[in-house]
Amino acid sequence: MTRGPIVTLTANPSFDRTVALPGPLERGAVVRVEAMTSQAGGKGVNISRAAVGAGLTTVAVLPALPDDPFVRELEVAGIDCRTARPAGAVRVNLTLTEPDGTTTKLNGPGAAVDAEHLDDLARTLVETAAGGSWTVLAGSLPPGAPATFYADLVARLRGVSRVAVDTSEGALAALVDRLPGSAPDLLKPNAEELASVTGTDPAQLETEPEVAAKAARTLVDRGVNSVLATLGARGAVLVDADGAWHAPAPPATVVSTVGAGDCTLFGYLLAEQRGLPAPDRLALAVAYGSAAAGLPGTTIPGPDDLHPERVAVQALD
């Protein structure tokens, strides 16, 4: 069966600039950096890049002018784009990476939007999603957007496309507050985000997969079809109506964690597209995230970087 493209929404896109430091960051010092890269990014864009790398069709929906250098870069990379009227220039995010894998991010806020900008973006997304297999709502919201923007979109997309959501703070809280009416097919929080909407301790969730699974289960019980919770070095847990599983991250040298969560989410979607069962979807998700963490900057892993056979999945209940 032919599947439609993976449609991604990046409501607050960014030029991602990564600076590789030669040693630990020293405040107030003059540092001669080892390397500097820049690319069009954002969580949804990263997922579309991963889709192209895996040979899947994808459409990226974002606010930008059709001839913006941001859009042109994505089109050169093989990503089909659908643009909505922007409120201003694409923001810049700066990432500082240290040799031991420590990552410091300085994210720009983005241009402030109004109701007309958001209506145009939502209309563009819903029209595009009608032909897609999955629609991914990913990343932060721009200034001026109500916290309920993603929750409202999930409700509009029901019956149009399966929906995955990866967001945080107010947008995540608003989504959870409106369950089950805003329940996506897949929710991908990290430990801190999962803790924020379940009233649990983020440190405990990241170190105790069983506790993370129980917290995720509360969201499944409220209508979310599947919860894929990333736990940093402890890998990830997957919870759905049929069970819960944990997959620790395989041994690897961490170079940069930027984009690792996005790649984890894409690995799940790719495995789902292949018709794999839940444990294998989790294994491929963790393989993608681990591979991304072993690459510099926001480099998206390709098929040759993946080793799902090194990921051990354990049933938790």
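The values are calculated or read from the model by the stated rules, or taken from the named source; none is laboratory data. Because the structure is predicted, anything quoted here is derived from the model rather than measured. All Cβ positions, glycine included, derive from the backbone under ideal geometry; neighbour counts span all protein chains shown. Protein only, heavy atoms only, side chains kept; ligands, DNA and RNA dropped before computing areas. Shrake-Rupley method; radii C 1.70, N 1.55, O 1.52, S 1.80 Å.
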Which residue pairs have Cβ atoms under 6 Å apart, sit 6 or more places apart or on different chains, and have a first residue in region 189-218 that is without any contact (Cβ under 8 Å) to a residue 40 or more places away in the chain and a second that is surrounded by fewer than 21 Cβ atoms within 10 Å (Cβ to Cβ) and not in a helix (DSSP H, G or I)?
Glu193/Ser168; Ala215/Thr200
Qualifying positions in region 159-189 - surrounded by fewer than 17 Cβ atoms within 10 Å (Cβ to Cβ), among the acidic types (Asp, Glu) and on the phi < 0 side of the Ramachandran plot:
Asp177
Going by the structure shown, is Asp201 of a type in the set (Asp, Glu), open to solvent by 50 Å² or more (accessible area, probe 1.4 Å) and modelled with pLDDT of 95 or more?
no
Would you mind telling me which numbered condition in (1) within 17 Å of Thr58 (Cβ to Cβ); (2) crowded, with 24+ Cβ neighbours inside 10 Å Ala293 fails?
(1)
I'd like to know if region 257-275 contains one or more residues that are in contact (Cβ under 8 Å) with a residue 12 or more places away in the chain and either in contact with a Cys (Cβ under 6 Å, 6 or more places away or on another chain) or more than 19 Å from Val136 (Cβ to Cβ) (or both).
yes
If we take region 1-51, then strands (runs of 3 or more DSSP E) inside it with 1 or more residues that are among the basic types (Lys, Arg) and either closer than 14 Å to Pro99 by Cα or open to solvent by 10 Å² or more (accessible area, probe 1.4 Å) (or both) are 14-20
Name the residue, out of Pro109, Pro86, Pro99, that is of a type outside the set (A, V, I, L, M), in contact with a strand residue (DSSP E or B) (Cβ under 8 Å, 6 or more places away or on another chain), more than 27 Å from Arg162 (Cβ to Cβ) and open to solvent by 60 Å² or more (accessible area, probe 1.4 Å).
Pro109
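Could you say whether any residue in region 136-145 is open to solvent by less than 40 Å² (accessible area, probe 1.4 Å), in contact (Cβ under 8 Å) with a residue 24 or more places away in the chain, more than 23 Å from Asp16 (Cα to Cα) and not in a loop (DSSP other than H, G, I, E, B)? Step through it out loud before you land on a result.
Taking region 136-145 first, the residues open to solvent by less than 40 Å² (accessible area, probe 1.4 Å) are 136-139, 141-142, 145.
Among the residues that remain, those that are also in contact (Cβ under 8 Å) with a residue 24 or more places away in the chain are: 136-139, 141-142, 145.
So of that shortlist, the ones also more than 23 Å from Asp16 (Cα to Cα) come out as none.
No - not one qualifying residue is present in region 136-145.
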Among the residues of region 112-122 satisfying the criterion of being surrounded by fewer than 16 Cβ atoms within 10 Å (Cβ to Cβ) and touching a residue at least 24 places away in the same chain (Cβ under 8 Å), which is farthest from Met36 (Cα to Cα)?
Glu116
Residue under evaluation Pro248, criteria (1) touching a Leu at 6+ places or on another chain (Cβ under 6 Å); (2) under 17 Å from Thr207 (Cα atoms); (3) not charged (D, E, K, R), criterion not met
(1)
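Residues checked against (1) surrounded by 23 or more Cβ atoms within 10 Å (Cβ to Cβ); (2) not in a helix (DSSP H, G or I); (3) not aliphatic (A, V, I, L, M):
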{"site": "Ala212", "(1), (2), (3)": "yes, no, no"}
{"site": "Gly223", "(1), (2), (3)": "no, yes, yes"}
{"site": "Val227", "(1), (2), (3)": "yes, yes, no"}
{"site": "Ala233", "(1), (2), (3)": "no, no, no"}
{"site": "Ala252", "(1), (2), (3)": "no, yes, no"}
{"site": "Thr257", "(1), (2), (3)": "no, yes, yes"}
{"site": "Ala271", "(1), (2), (3)": "no, no, no"}
{"site": "Leu276", "(1), (2), (3)": "no, yes, no"}
{"site": "Asp280", "(1), (2), (3)": "no, no, yes"}
Selection count, region 71-86, where residues are within 14 Å of Ala11 (Cβ to Cβ) and touching a residue at least 40 places away in the same chain (Cβ under 8 Å)
3
Can we say Ala171 is touching a strand residue (DSSP E or B) at 6+ places or on another chain (Cβ under 9 Å) and farther than 24 Å from Pro248 by Cβ?
yes
I'd like to verify a number: residues in region 53-81 that are in contact with an Asp or Glu (Cβ under 8 Å, 6 or more places away or on another chain) and open to solvent by 60 Å² or more (accessible area, probe 1.4 Å), how many?
1
